[in-house]
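Read the figures in this text as sums done on the coordinates, not as results from a lab. Remember, predicted model here, so these are calculated numbers, not experimental data. We place every Cβ from the backbone using ideal geometry, glycine too, and count neighbours over all the protein chains shown.
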């Protein structure tokens, strides 16, 4: 699926736009960044509540192309700057992690 599909969901706000034409193939949901580093697949979406620049650093290290911040978490300026520098798309939503993960899985056609 192209990243752009995520930005078109209701209640999903694109905070930092990376390459919206990039493809993502999987999704990982987690808040423990060491777990994300060890287990999240490349070319994926990270669903989390961790709203800080270290989340972007981990995403970049792993090859995660999109971070979805859930529960209406505010995105600090240093996180936005890091995402722009690393070409990671940041999306915010008021939805919880379960709902966001379910929507991403549905778009990816994961059963």
Taking the chain as a Gaussian network, where each spring joins two C-alpha atoms under 10 Å apart, which residue of 38, 30, 92 fluctuates the most?
38
Return 48, 93 ranked ascending by Cβ neighbour count within 10 Å, so the fewest neighbours appear first.
93, 48
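Among DSSP beta bridges lying fully in the chain, give the percent that are antiparallel, nearest 5. Intermediate results must be reported in sequence, preceding the final value.
Values: 5 of 17 bridges.
Looking only at bridges with both residues in the chain, the antiparallel portion is about 30 percent.
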Estimated inter-spin distance, residue 13 and residue 37, nm [label 7 Å along Cα→Cβ]:
3.1
Can you tell me the FRET efficiency between residue 25 and residue 81 if r is taken as the Cβ-Cβ distance and R0 is 25 Å, rounded to the nearest 0.05?
0.40
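From the helices alone, meaning DSSP H stretches of at least four residues, give me the mean residue ellipticity at 222 nm for the chain, per-run term -39500 (n - 2.57), in deg cm²/dmol to the nearest 500. It would help to have the intermediate numbers written out before the result.
Numbers: 5 runs with 43 residues, N = 111.
The helix contribution divided over the chain gives -10500 deg cm²/dmol.
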